[in-house]
Amino acid sequence: MKKSRYIAVMGLMLALASALQFLESMIPIPLPLGVKAGISSIVIMVVLVKFGFASAMTTAVLKSCFVFITRGMSAFCMSVSGGVLSVAVMGAFLAVSRKSENGTGILLMSVLGGIFHNIGQLAAASVFTGSVVTFSYLPVLVISGIVSGIFTGTVFKLIMPYLHNTNA
Amino acid sequence: MNKKFHMIKPFEAVIIGIILFGSIAAIFIMNRSGSGSRTAVIRCGDVRHELALNEDGLFRFDGIDAEFEIKNGKIRLTEASCPDKICEKTGYIGSSGQSIICVPNKITVAVVDSDESIDVMVG
């Protein structure tokens, strides 16, 4: 792919991820703990699978910068630690599962990404509050990570065939 | 495209199932509701206060930008200044092991058994 085209597509992906993130933050969810479906992570997964690890990491960090502009410092720290850990785990999983030639378990990748996104956020929250009390939320957030991972993974698998038809 | 890409494999279901089961078990183990009296440990940076949960009332502390309400042996956080109000949405907590976290204001509320070694619990 030409470099100019790559830059344009990545810009679109970043805009899409940021817009979805903002849209999701406006939907009130009656659950505590900031449980989210993680719609924008679908975009991150598309970038990871189609453009590789470095591109996905860049998109995740830049998306967090958008969070910093709209929601401030503590939200940025939570977002960036969750995003970076999530992409790192998904990238590692993808590398291992491709080598084993078993076919990629996209659903499991997505679930692990969701779980580690929440673990990263918890780690940031415990650094911020200076307390390990935050980790009492770990089991609930792991379950929420599984649910959101199944959701995003399923959506991702549904849109994947259409992405293969484009040269993007 | 590769057809394997689409399938949910048994090993995926097994791994997800194990993690799910472990989390549910952990919730049941952590939310043990002791019969003794319980105390809420409120921390905000270096500020630290303890409230016994058997006294109803509204509480405010210097240096903590929120109000705490105790009712029927449970505590909740109200009037926090944070934008997302996740701490307020947590609602009432009363079992030892439960907690309320407000990340923007750096407030943590942890419920512990009154006779437990609180310093170990809070870390």
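Within segment B:97-123, restricting attention to residues that are more than 10 Å from chain A (Cβ to nearest Cβ) and in a loop (DSSP other than H, G, I, E, B), which residue is modelled with the lowest pLDDT?
This residue is B:117.
Please pick out the residue among A:135, A:116 that is within 20 Å of residue B:106 (Cβ to Cβ) and open to solvent by 40 Å² or more (accessible area, probe 1.4 Å).
Answer to the check: A:135.
Within segment B:39-92, track down each residue that is among the basic types (Lys, Arg) and either open to solvent by less than 20 Å² (accessible area, probe 1.4 Å) or under 24 Å from residue A:127 (Cβ atoms) (or both).
Within segment B:39-92, B:43, B:48, B:85, B:89 qualify.
Consider segment B:25-56. How many of its residues are modelled with pLDDT of 85 or more, touching a helix residue (DSSP H, G or I) at 6+ places or on another chain (Cβ under 7 Å) and in a helix (DSSP H, G or I)?
Of the residues in segment B:25-56, 1 are modelled with pLDDT of 85 or more, touching a helix residue (DSSP H, G or I) at 6+ places or on another chain (Cβ under 7 Å) and in a helix (DSSP H, G or I).
Here's the yes/no breakdown for (1) modelled with pLDDT under 95; (2) aliphatic (A, V, I, L, M); (3) in contact with a strand residue (DSSP E or B) (Cβ under 6 Å, 6 or more places away or on another chain); (4) crowded, with 18+ Cβ neighbours inside 10 Å:
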{"site": "A:48", "(1), (2), (3), (4)": "yes, yes, no, yes"}
{"site": "A:57", "(1), (2), (3), (4)": "no, yes, no, yes"}
{"site": "A:78", "(1), (2), (3), (4)": "yes, yes, no, yes"}
{"site": "A:95", "(1), (2), (3), (4)": "yes, yes, no, no"}
{"site": "A:98", "(1), (2), (3), (4)": "yes, no, no, no"}
{"site": "A:103", "(1), (2), (3), (4)": "yes, no, no, no"}
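The values are calculated or read from the model by the stated rules, or taken from the named source; none is laboratory data. All figures in this text were calculated on a predicted structure; none of them were measured in a lab. For neighbour counting, all protein chains shown are included, and Cβ atoms are generated from backbone atoms with ideal geometry for every residue, glycine included. Heads up: the accessible areas ignore ligands, DNA and RNA and are worked out on the full protein's heavy atoms, side chains in. Shrake-Rupley method; radii C 1.70, N 1.55, O 1.52, S 1.80 Å.
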